[in-house]
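Each remark here refers to the structure printed beneath this line.
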Amino acid sequence: MSMELKGKVIQLLPVQTGMGKKGQWKKQEFIVETQSQYPKKVCLSAWGDKIDQFNVSEGDAVNVSVELESREYNGRWYTEARAWKLEKTASGGGNGKSSSSTDSIGDEPFQSSSSSTDDLPF
């Protein structure tokens with residue numbers, strides 16, 4: 001399931017790293033607050049080279065394309081909102097240039113095509 005989210009980056013969480021079957025992975029979560037009558041805070045994740053590619057900072061106004069996915073692990077379900085494309089909007093003080101990528105997600109451990117949950121980072 002894919003969706004778009006517009007808002008402002010209000011917090012960057014520390015980069016997390018680990019080892020999975022496909023090698024080392026890294027992930028950074030960031031919090032976006034929507035700009036609406038009833039603002040919502042949403043935790044999004046960026047994986048691998050997307051972290052440097054997006055280069056988000058607190059205060060950036062962004063338009064993010066998000067893929068939602070849930071997976072079962074040890075009897076519990078976990079949902080992740082993974083950012084696969086991010087554009088900084090002009091109101092964020094940037095030059096309006098896109099920091100986006102439309103290529104496939106890659107070899108991160110949260111791949112839906114994986115038949116094993118052994119490489120989950122939690």
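The values are calculated or read from the model by the stated rules, or taken from the named source; none is laboratory data. Quantities reported herein were computed from a predicted structural model and do not represent experimental measurements. Here Cβ is always computed from backbone atoms with ideal geometry, including for glycine, and neighbour counts include all displayed protein chains.
Computed quantities for the displayed model
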{"item": "Test: residue in the range 55-69 that is closer than 14 Å to Lys8 by Cβ, modelled with pLDDT of 95 or more and exposed (fewer than 12 other Cβ atoms within 10 Å of the Cβ)", "result": "yes"}
{"item": "Residue that is farthest from Gly20 (Cα to Cα) [pool: residues in the range 35-83 that are touching a Phe, Trp or Tyr at 6+ places or on another chain (Cβ under 9 Å) and of a type in the set (Phe, Trp, Tyr)]", "result": "Phe54"}
{"item": "Failed criterion for Ser2 (all others in (1) surrounded by 14 or more Cβ atoms within 10 Å (Cβ to Cβ); (2) of a type in the set (Gly, Ala, Ser); (3) within 14 Å of Trp84 (Cβ to Cβ) hold)", "result": "(1)"}
{"item": "Qualifying residue in the range 75-98 (condition: part of a loop (DSSP other than H, G, I, E, B) and modelled with pLDDT of 95 or more)", "result": "yes"}
{"item": "First in the range 53-65 and part of a helix (DSSP H, G or I), second anywhere and of a type outside the set (Asp, Glu) and at pLDDT below 95, Cβ under 8 Å, 6 or more apart", "result": "Gln53/Ser99; Gln53/Ser101; Phe54/Ser99"}
{"item": "Selection count where residues are under 13 Å from the mean Cα position of the chain (by Cα) and surrounded by 15 or more Cβ atoms within 10 Å (Cβ to Cβ), scope the range 13-30", "result": "5"}
